[in-house]
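**Q** Dropping the structure in here first, questions after.
The values are calculated or read from the model by the stated rules, or taken from the named source; none is laboratory data. Remember, it's a predicted structure, so these values are computed and weren't measured experimentally. Neighbour counts are summed over all protein chains in view; Cβ atoms, including those assigned to glycine, are modelled from backbone coordinates with ideal geometry. Heavy atoms of the whole protein, side chains included, go into the accessibility calculation; ligands, DNA and RNA do not. Shrake-Rupley method; radii C 1.70, N 1.55, O 1.52, S 1.80 Å.
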Amino acid sequence: MPPDPSAPRARPVVTRRGRGRALLPTLIVLGVLLVAFLLFTGFYTEWLWFDSVEFTSVYSKQLLTRAGLFAVFGGLLALAVLVNIIIAYRVRPPFRGLSPEQQSLDRYRVGIDPYKRAILVVLGVVLLLLGGGAASGEWRAYLLWRNGSDFGVDDQQFGMDVGFFTFDLPFLRFVLGFLFAAIILSLLVSLIVHYLYGGLRLQSPGERATPAATAHLSILIGIFVLLKAVAYWLDRYQLAVKEGERITGLTYTDVNALLPAKTILTFIALLCALLFFANVLRRTWSLPILGFGLLVLSAILLGGIYPAIVQYFQVRPSEPEKEAPYIARNIEATRDAYGLSEVDLRSYAGETTTTPEELQASAGTINNVRLLDPAVVSPTYNQLQQIRGFYSFPDSLDVDRYQLDGERDAVVAVREVNLDGLNQNQRNWANEHTVYTHGYGLVAAYGNTRLPDGTPEFFSLDIPERGLLADQVDEPRVYFGEESPVYSIVGAPDGATARELDFPDDTRPNGQANNTYSGDGGVGVGSLFRKLLFAAKFQEGNILLSNLVNEESKILWDREPRERVEKVAPWLTLDGDPYPAVVDGRILWIVDGYTTSNGYPYSERTTLGEATADALTATTAAVAAQRQDRVNYIRNSVKATVDAYDGTVTLYEWDTEDPVLQTWMKAFPNTVQSREEIPESLLEH
């Protein structure tokens with residue numbers, strides 16, 4: 001009986017199973033969007049930070065270089081492996097026989113064939129991420145290679161400029177290692193595909209490899225051996241920076257045994273590679289395998305046993321004589337690399353012949369002998385000049401010099417805000433990030449005198465500031481310091497009530513003076529979009545919801561002077577102890593920047609912590625982090641300043657003849673100002 005057209009139609013039933021199927025893709029899409037937003041937040045807020053200090057060129061150069069290396073090397077790795085997989089699959093034999101081996105492999109082939117494209121896509125993405133991730137981390141080596149300068153000094157063994165070892169060799173070694181990884185992966189996956197689809201037979205009767213598989217694998221092995229020849233050739237130069245038991249660089253055994261061995265092995269490897277390439281036409285493994293065996297045997301005899309014989313029978317019986325020229329080379333290169341070649345070394349007897357007249361003539365120097373120890377006087381400064389518990393001074397203070405009533409040595413410290421000093425009932429988001437935002441003033445005492453009661457003789461002290469130095473400080477507020485909060489939100493519309501604590505003032509009704517930040521530092525955070533960005537960045541919903549964040553608000557973060565310099569000059573190694581100084585009415589943090597290398601030929605290596613540590617920085621976290629970094633070249637090439645009020649970072653060239661600095665200045669143009677542009681008022685400090 002036909003259905004009645006006038007009868008109501010049944011509604012489709014939505015099952016729980018149908019809703020469950022839609023839930024998983026929805027969650028995946030939301031997860032992808034969340035990850036994308038967080039990645040965008042990280043990149044965009046960093047861009048805003050670099051824009052606030054006018055160093056966006058540094059950030060963009062890093063991003064573009066890393067992205068380019070990621071795309072090129074990641075793409076090459078993925079392309080090399082996938083192309084070899086496709087070649088191995090395309091040249092599979094049309095008939096594989098009915099052996100038990102092939103019948104067992106049929107089950108795998110049947111299971112894989114429907115998913116071939118998906119497997120290739122997933123494998124390509126994985127290889128892209130692996131290769132690109134490894135390469136993007138080498139952006140410094142790439143920029144040094146791309147912009148390398150000559151040292152004007154030739155190494156004593158090869159007659160090549162030192163710049164080749166410092167700038168070129170590290171990146172060439174990375175490229176070679178990358179190519180080795182690509183060819184080994186390609187060879188492994190090709191072997192798997194050839195075996196899976198019958199190109200290689202381990203148990204079947206007849207030939208073990210088809211002619212096509214033989215040709216394909218011969219080319220891959222030939223490329224591997226060819227790369228080995230290049231590696232042997234580069235190993236010759238690597239000997240100049242090799243760290244030995246006693247010295248860095250070439251020794252007698254290296255020059256007379258290992259260096260000739262590397263040269264011979266290079267040509268043997270080239271010959272062996274030609275045999276594998278010729279096997280594409282010959283398609284018989286006997287001759288290439290014989291050549292490869294010769295290469296392995298030569299590597300053992302020439303690269304291992306022969307140098308050991310020379311060392312044992314020629315060097316050890318008369319080692320001081322044999323190694324003397326190479327030790328002298330090591331000493332000379334080490335002095336050059338550490339800038340000590342012009343130092344006049346003398347031996348002084350432990351006695352004095354100074355006359356009273358000479359002592360009188362040196363009164364200016366003797367009177368400046370420091371009585372205050374900056375490493376131990378911090379508790380005294382805290383007791384006398386802390387003012388309130390939410391201010392503090394660092395554990396180790398700094399030394400400076402001012403010409404007020406004559407040139408005087410001074411022990412100085414910045415009075416910084418310390419949130420840990422707040423009472424528990426004051427610890428809330430509003431206070432920590434919108435009220436207690438900055439420190440106030442620089443405290444200075446003469447380093448060579450003290451008052452009758454034993455306390456330091458301060459010439460810059462108290463809040464508001466007073467003393468001889470007070471008139472020279474136009475802006476005493478410290479928004480960027482070593483103890484600044486992680487982030488602060490400052491600024492308010494004109495006419496709004498100032499909410500930032502400026503300094504305690506018992507003469508006012510509320511016991512304090514308030515302030516609204518008006519400097520150029522920081523990033524605007526007033527719009528809803530930026531509130532959302534920074535709420536995500538700092539994982540703090542109050543940034544989005546609080547009415548204390550308005551259209552004129554700015555957010556300050558990454559405020560520690562050393563951290564700010566490190567971000568705008570990521571190629572510098574920084575001293576562990578920035579020190580403050582009053583320059584042209586502003587409190588500036590001064591940071592020493594070092595250019596370093598681990599590739600200066602024949603120069604002795606040391607840890608970076610040992611090279612830059614002194615009595616004040618030996619226990620700091622910065623030096624502790626540097627202790628494991630090995631270097632054999634260092635120059636104090638840059639003086640950096642950070643304005644304590646607006647966070648402005650300025651880099652000045654200090655060593656005008658440093659090739660490493662010149663290379664980085666080519667890589668990041670217009671970021672370092674010339675030495676001639678250093679103000680005289682800054683040079684005094």
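**Q** Might you check whether a residue that is touching a strand residue (DSSP E or B) at 6+ places or on another chain (Cβ under 8 Å) and touching a residue at least 60 places away in the same chain (Cβ under 8 Å) occurs anywhere in the range 255-265?
**A** No, the conditions are met nowhere in the range 255-265.
**Q** Show the residue pairs that are 6+ apart or on different chains and have beta-carbon atoms under 6 Å apart, the first residue being within the range 648-664 and part of a loop (DSSP other than H, G, I, E, B), the second being at pLDDT 95 or above and open to solvent by 20 Å² or more (accessible area, probe 1.4 Å).
**A** Note: pairs meeting the criteria are W654/K639.
**Q** Now for a different question. Hey, does the range 225-247 have a residue that's farther than 27 Å from Y600 by Cα and either of a type in the set (G, A, S) or open to solvent by 20 Å² or more (accessible area, probe 1.4 Å) (or both)?
**A** Yes, because at least one residue in the range 225-247 is farther than 27 Å from Y600 by Cα and either of a type in the set (G, A, S) or open to solvent by 20 Å² or more (accessible area, probe 1.4 Å) (or both).
**Q** Given the options T41, T26, T45, T65, name the one that is farther than 30 Å from E138 by Cβ, modelled with pLDDT of 65 or more and in a helix (DSSP H, G or I).
**A** T26
**Q** Go through the range 500-517 and give me each residue that's part of a loop (DSSP other than H, G, I, E, B) and touching a Pro at 6+ places or on another chain (Cβ under 8 Å). Steps first, answer last, please.
**A** As a first pass, look at the range 500-517 and keep what is part of a loop (DSSP other than H, G, I, E, B): 505-511, 516-517.
Scanning the range 500-517 gives a single hit, G511.
**Q** For the range 283-329, how many residues are open to solvent by 50 Å² or more (accessible area, probe 1.4 Å), more than 24 Å from R246 (Cα to Cα) and in contact with a helix residue (DSSP H, G or I) (Cβ under 6 Å, 6 or more places away or on another chain)?
**A** Total satisfying the criteria: 3.
**Q** Of all the residues that make up the range 248-282, how many are open to solvent by 60 Å² or more (accessible area, probe 1.4 Å) and at pLDDT 90 or above? Full working, then the answer.
**A** Going through the range 248-282, the residues open to solvent by 60 Å² or more (accessible area, probe 1.4 Å) turn out to be 256, 264, 267, 270-271, 274, 277, 281-282.
Restricting the remaining residues to those that are at pLDDT 90 or above gives 256, 264, 267, 270-271, 274, 277.
Final tally of qualifying residues: 7.
**Q** Is one or more of the residues making up the range 321-340 over 30 Å from V225 (Cα atoms), in a loop (DSSP other than H, G, I, E, B), of a type in the set (G, A, S) and without any contact (Cβ under 8 Å) to a residue 12 or more places away in the chain? Spell out the reasoning first.
**A** From the range 321-340, those over 30 Å from V225 (Cα atoms) are 321-340; that's our starting set.
Next, only the ones that are in a loop (DSSP other than H, G, I, E, B) stay: 338-340.
Checking which are of a type in the set (G, A, S) leaves us with 339.
Filter once more, so that each one left must be without any contact (Cβ under 8 Å) to a residue 12 or more places away in the chain: none.
Within the range 321-340 (the criterion being over 30 Å from V225 (Cα atoms), in a loop (DSSP other than H, G, I, E, B), of a type in the set (G, A, S) and without any contact (Cβ under 8 Å) to a residue 12 or more places away in the chain), the answer is no, since none of the residues qualifies.
**Q** Tell me yes or no: at least one residue of the range 114-123 is surrounded by fewer than 11 Cβ atoms within 10 Å (Cβ to Cβ), at pLDDT 75 or above and within 26 Å of I219 (Cβ to Cβ).
**A** Looking through the range 114-123, at least one residue is surrounded by fewer than 11 Cβ atoms within 10 Å (Cβ to Cβ), at pLDDT 75 or above and within 26 Å of I219 (Cβ to Cβ).
**Q** Quick one: in the range 207-237, of everything that is among the basic types (K, R) and part of a helix (DSSP H, G or I), which residue is nearest to A80 (Cα to Cα)?
**A** K228
**Q** Return the residue satisfying two criteria in turn: it lies in the range 504-541 and is open to solvent by 20 Å² or more (accessible area, probe 1.4 Å) and hydrophobic (A, V, I, L, M, F, W, C), and of such residues it is nearest to I587 (Cα to Cα).
**A** Result: F538.
**Q** Could you please let me know if E358 is modelled with pLDDT of 80 or more and assigned to a helix (DSSP H, G or I)?
**A** Here the answer is no, as E358 does not meet what is asked.
Rundown of residues vs (1) at pLDDT 90 or above; (2) open to solvent by less than 60 Å² (accessible area, probe 1.4 Å); (3) not in a helix (DSSP H, G or I), yes/no style:
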site	(1), (2), (3)
L130	yes, no, no
D150	yes, no, yes
F164	yes, yes, no
L169	yes, yes, no
G177	yes, yes, no
L188	yes, no, no
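**Q** I've got another one for you. Could you check, for the range 89-98, whether at least one of its residues is part of a helix (DSSP H, G or I), surrounded by fewer than 18 Cβ atoms within 10 Å (Cβ to Cβ) and modelled with pLDDT under 95?
**A** Taking the range 89-98 and keeping what is part of a helix (DSSP H, G or I), we get 89-90.
Then drop every residue that is not surrounded by fewer than 18 Cβ atoms within 10 Å (Cβ to Cβ), which leaves 89-90.
Add one more test, that the residue is modelled with pLDDT under 95, and what stays is 89-90.
Yes: the range 89-98 contains one or more residues that are part of a helix (DSSP H, G or I), surrounded by fewer than 18 Cβ atoms within 10 Å (Cβ to Cβ) and modelled with pLDDT under 95.
Conditions tested, residue by residue: (1) over 20 Å from L419 (Cβ atoms); (2) surrounded by 17 or more Cβ atoms within 10 Å (Cβ to Cβ).
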{"position": "G491", "(1), (2)": "no, yes"}
{"position": "A496", "(1), (2)": "yes, no"}
{"position": "I543", "(1), (2)": "no, yes"}
{"position": "L556", "(1), (2)": "no, yes"}
{"position": "A569", "(1), (2)": "yes, yes"}
